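For reference, the structure discussed in these notes is given below.
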Amino acid sequence: MPKKLIQPSTREYIREARQMKDFSFFDLLHGYLYARFPYFYIAMGTGQHPLAKRLAPLLAWIGSFIVKKAGKSASGSAVKFEDTYHGKVVPLQAARQLVSVHEPVDLPNLEYIVPYAKARDIILKNPDHIAVMDCPCRTAREHHCLPLDVCLVVGEPFASFVVEHNPQKARMITSEEAQAIIKAEDERGHVHHAFFKDAMLGRFYAICNCCTCCCAAIQSQRKGTPMLASSGYVAQIDANLCAACGNCVETCLFDALTLNDVASVDAERCMGCGVCLGQCPAGAIALTRMESKGVPLEIENLMQAAAR
């Protein structure tokens, strides 16, 4: 391919991939195709594309091949598909922090934050370079949620990559604009996920704002495929303040809330997203830390700890 046909962000992606010891040519190709054609990739993967049913056997083989090529984790355990593409639930404030970083970040091997075998680094180059793109999960659905432009890609080479290759559906935005998108999605009752992918240089690269009707990750989670890690928090109801309005029950994307005389939380189901907080007119809900749910992805605390 002539050099002039290769976008600058593609060259940067290839350069960084070549510097990674365990990043194979297959990983590089997989990452390129995923980021270059996200709408086709997600539509096929979720079965929404017209060709998906016809190509189902081939897609199943490709999926098993991806898992096979992923090999084993550092501990020697087999890597599962969800280990190569997964998200960490982040409450509103933590999500806003991720798009408010103004210095490079190098936080590798965060297995205590993201409890998966692979893809658990936060390495942000030019973290103030943020792109918003139309959500591939939403665009794949015939009857989708609005607005579409809610997926945030953070840092380089990823932000420039999606804009250069999908200029009709992606654009660069400021930190303030990204924070406004996150806040508006929170008010709509949508959950924020920090996404990691093995083929995306094993890093955090995006914040998705997700709904149950469109989001492939939430649907997989509800079906028993653990693609999402808890925020590290659970919702807690103050029974003295609860007005039993039921707003939180209707809002919860993980079916963790029920209503009798007052609302109650199933701590096992609760992912600690905090969306119910903004839907409670009585202010009866708060997030509380639960050690068994893991450590929160709070970038400011992580950076301070790394600097000590």
Local net charge near Ser175, Cβ-Cβ under 12 Å (Lys/Arg +1, Asp/Glu -1): -2
Could you check the simple spin-label distance between Cys213 and Ser175, using points 7 Å along Cα→Cβ, in nm with one decimal? 3.5 nm
In deg cm²/dmol, rounded to 500, what helix-only [θ] at 222 nm does the chain give when every DSSP H run of at least 4 residues adds -39500 (n - 2.57) and the total is split over its residues? -9500 deg cm²/dmol
Shape of region 100-212 from its Cα gyration tensor (a ≥ b ≥ c, root eigenvalues): rounded if a/c is under 1.5, otherwise prolate when a/b > b/c, or oblate? prolate
For Cα pairs less than 8 Å apart in space and 6+ apart in sequence, what is the mean separation divided by the residue count of the chain, i.e. the relative contact order in percent? 19 percent
P(r) over all Cα-Cα pairs of region 233-289, 10 Å bins from 0 to the longest distance, whole percent per bin, short to long, reads 29, 63, 8
Net charge near Ser231, counting Lys/Arg +1 and Asp/Glu -1 over other residues with Cβ under 12 Å of its Cβ? +2
Within region 225-266, the residues whose backbone N lies under 18 Å from a label point placed 7 Å from the Cα of Ala305 along the Cα-to-Cβ direction are 229-234
I'd like the antiparallel share, as a percent to the nearest 5, of DSSP beta bridges with both residues in the chain. 90 percent
Let me have the relative contact order for region 233-289, percent, based on Cα pairs under 8 Å that are six or more residues apart. 49 percent
Neighbourhood net charge (14 Å Cβ-Cβ; Lys/Arg +1, Asp/Glu -1) for Ala305: -2
Entries of Lys125/Lys223; Lys183/Lys223; Lys118/Lys223; Lys118/Lys293 with Cα pairs more than 25 Å apart: Lys125/Lys223; Lys183/Lys223
Place a point 7 Å from the Cα of Cys245 along the Cα-to-Cβ direction; which residues of region 158-199 have their backbone N under 16 Å from it? 187-189
In whole percents, the bins of 10 Å from zero upward hold the Cα-Cα pairs of the chain as 6, 27, 36, 23, 7, 1, 0
Rounded tilt (10° steps) of 8-18 against the dominant C-alpha axis of the chain: 90 degrees
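Only the coordinates and a few stated rules stand behind these numbers; no lab work does. The model shown is predicted, which means the values in this text are computed figures rather than measured ones. Here Cβ is always computed from backbone atoms with ideal geometry, including for glycine, and neighbour counts include all displayed protein chains.
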